[in-house]
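Visitor: Shown below is the structure under consideration.
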Amino acid sequence: MNPFSVLGLPDAFDVDEKALEKTHRELSRALHPDRYTNASATERRAALERAVQVNEAFRVVRDPLTRAEALFARLGVATGEDREPKASPALLMDVLEKREALSDAKDAKDLSAVAGLRAEAEREEARAIAALASAFHEPETVAEKLHLLGELRFFRRFLDEVSAVEESFDAS
């Protein structure tokens with residue numbers, strides 16, 4: 001399934017999020033089961049299958065990481081941590097230092113330090129997304145684009161770790 005064509009979009013990293021949400025709403029409304037109450041079982045089943053495809057396509061295209069993975073798939077390039085270039089030593093050191101700072105903040109129950117780490121990681125995530133968007137416009141090599149995808153994965157994973165720490169603070 002090409003998630004872009006399901007939503008009537010070109011295969012591109014740049015997406016107008018408001019237009020994407022509007023398209024999703026319109027397609028969901030058109031495929032709603034209430035519109036098919038008098039239709040045949042075959043038509044109802046087809047509408048349901050199409051609605052599932054639309055929702056899955058929306059989930060993929062809405063998220064920059066899965067959108068990039070879908071674009072690589074359209075190019076015939078396999079993605080995944082074992083298929084992407086190894087992260088640079090500088091990035092690995094940066095992530096290691098952030099994890100240590102997060103662990104220290106967790107141990108000290110320092111919510112403001114955790115919030116600061118979140119804000120910094122969100123800025124780096126936004127920078128990685130912008131770099132990836134730019135790379136899809138430029139004649140960057142596939143390896144360079146995959147490297148940026150790997151960076152985005154690192155920041156996402158770190159943000160998940162920050163969320164887990166924040167939730168542990170909420171629970172206590």
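The values are calculated or read from the model by the stated rules, or taken from the named source; none is laboratory data. Everything numeric in this text was worked out from a predicted model, so none of it was measured. Cβ coordinates were reconstructed from backbone atoms using ideal geometry, including for glycine residues, and neighbour counts include every protein chain displayed. In case anyone asks, the SASA skips ligands and DNA or RNA and just uses the protein heavy atoms, side chains included. Shrake-Rupley method; radii C 1.70, N 1.55, O 1.52, S 1.80 Å.
Visitor: Student exercise: in region 68-172, how many lysine pairs 8 or more apart or on different chains have Cα atoms under 22 Å apart?
Guide: Qualifying lysine pairs in region 68-172: 4.
Visitor: Further question: First check a/c for region 63-149, with a ≥ b ≥ c the square roots of the eigenvalues of its C-alpha gyration tensor; if it is under 1.5, answer rounded, and if not, answer prolate when a/b is larger than b/c or oblate otherwise.
Guide: prolate
Visitor: Right, something else. Shape call for the chain from the C-alpha gyration tensor, a ≥ b ≥ c root eigenvalues: rounded (a/c under 1.5), prolate (a/b greater than b/c) or oblate?
Guide: Cα axes put the chain in the oblate bin.
Visitor: So, with +1 on the Cβ of K and R and -1 on the Cβ of D and E, and no other charges, what is the size of the charge dipole of the chain about its Cα centre, to the nearest 20 debye?
Guide: 840
Visitor: Normalised by the residues of the chain, what does the relative contact order come to in percent, with Cα pairs under 8 Å and at least six apart?
Guide: Relative CO of the chain lands at 23 percent.
Visitor: Now for a different question. Might you report the magnitude of the Cβ-based charge dipole of region 1-94 about its Cα centre, with Lys and Arg at +1 and Asp and Glu at -1, to the nearest 20 debye?
Guide: The dipole of region 1-94 has a size of about 440 debye.
Visitor: May I ask you to list the aspartates and glutamates whose Cα is less than 15 Å away from that of Lys18, ignoring any residue fewer than eight positions away on the same chain?
Guide: Within the straight-line limit of under 15 Å, Lys18 reaches these aspartates and glutamates: Glu26, Asp63.
Visitor: If you average the alpha carbon positions of region 65-93 and of region 28-49, how far apart do those two centres end up, in angstrom?
Guide: First find each Cα centre; the distance between them is then 38 Å.
Visitor: Would you be so kind as to identify which of Leu132, Thr66, Leu148 lies farthest towards the positive end of the dipole of region 56-163, taking Lys and Arg as +1 and Asp and Glu as -1 on Cβ and the Cα centre as origin?
Guide: The residue sitting farthest along the positive end of the dipole is Thr66.
Visitor: Another one. Accessible area per residue for the chain in Å², computed with a 1.4 Å probe and the full protein assembly in place, what is it?
Guide: On a per-residue basis, 60 Å².
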